[in-house]
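As structure tokens, the structure follows; a few thoughts come after it.
Every read-out reported here was derived from the displayed coordinates using simple, explicitly stated rules and does not represent laboratory data. Worth saying up front: this structure is predicted, and the values here are computed from it rather than measured. Here the Cβ is made from the backbone with ideal geometry for all residues, glycine too, and neighbour counts use every protein chain on show.
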Amino acid sequence: MSKIISNPDKNQNIILIVPEEKYQNTIQALLKELVSAKKTIVFISVNKTKKALEKELKENKISTEKIYFVDCVSKSISKGKISWSDEKNQYVDNPTSLTQISLAVFKLFDQTKMDYLVLDSINTLLIYNEEKEVLKFVHHTTGKLKENNKTGVFVYLKEEMNQTLLKKFSQFSDKIIEANPPEKKEFIRKKGSMNSFEEIKL
């Protein structure tokens, strides 16, 4: 498998388009790359609990020492049992709490000297929020990251990809990378193998 991010030291905002069948493996490969590059990561999870994510990563021998979590799931399913955050984990009420998510991210940003922010995923935020609110959230987040010379990776599930909406999100990104790009598509820059990650141009 080729590297997902060819230059991990370059500060940029990236949209990572991932096919459903490669989704979990790609997220793990991304985190493994960043951990190996000794990057500090803030991971916004809109799909899984922090506990489930940590279990998966440890099973795949990916260290979580430098991964900090913004968990958007646990509080909504715990019926009030989780009401606190700590220096390594921030729990927000649910995926509709975009302001809480922003505050949690930048609280960890201040505490951890974060190198990378990873959002999993844009699609799930769109299930719970209006399109204009998610666009506003991504715009605000990418702006803050760029202002502070940090990198953001925003995961977008390929099967739910809307070309018009992708173009709107691309306004806030420096690069779009597609995992396992098809051989023929009008906006693909070049062909990619089955386990490749290629930059694409809209």
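Can you tell me what percent of all Cα-Cα pairs in region 68-150 are more than 21 Å apart?
28 percent
Can you list the residues, at least 5 places off or on another chain, whose amide H is less than 5 Å from the amide H of Gln12, using H built in the peptide plane?
Distant-sequence amide H within range of Gln12: Thr151, Gly152.
Where the only charges are on Cβ atoms (+1 Lys, Arg; -1 Asp, Glu), what is the dipole of region 1-146 about its Cα centre, to the nearest 20 debye?
Around 320 debye, computed over region 1-146.
Any idea what log10 I(q)/I(0) is at q = 0.11, 0.15, 0.16, 0.17 Å⁻¹ for region 13-200, Debye with uniform C-alpha scatterers and no solvent?
Treating every Cα as an identical point scatterer, log10 I(q)/I(0) equals -0.46, -0.89, -1.02, -1.16.
Can you tell me, using C-alpha contacts under 8 Å and at least 6 residues apart, the relative contact order of region 13-200 as a whole percent?
Here the relative contact order equals 28 percent.
Under 18 Å Cα-Cα from Lys58, which aspartates and glutamates qualify once same-chain neighbours fewer than 8 residues away are excluded?
Partners found: Glu33, Asp71.
Kindly state, to the nearest 0.05, the FRET efficiency for Lys32 paired with Lys107, given R0 = 30 Å and r defined as their beta-carbon distance.
It comes out at approximately 0.70.
Take the residue pairs Lys107/Lys146; Lys10/Lys167; Lys38/Lys167; Lys113/Lys158; Lys38/Lys88 and return only those whose Cα atoms are more than 26 Å apart.
Lys38/Lys167; Lys113/Lys158
Output wanted: per-residue J couplings in Hz (rounded whole) for region 23-34, from phi through Karplus 6.51 cos²θ - 1.76 cosθ + 1.60, θ = phi - 60°, x for Gly and Pro.
Along region 23-34, the couplings run 4, 5, 4, 5, 4, 5, 5, 4, 5, 4, 4, 5 Hz.
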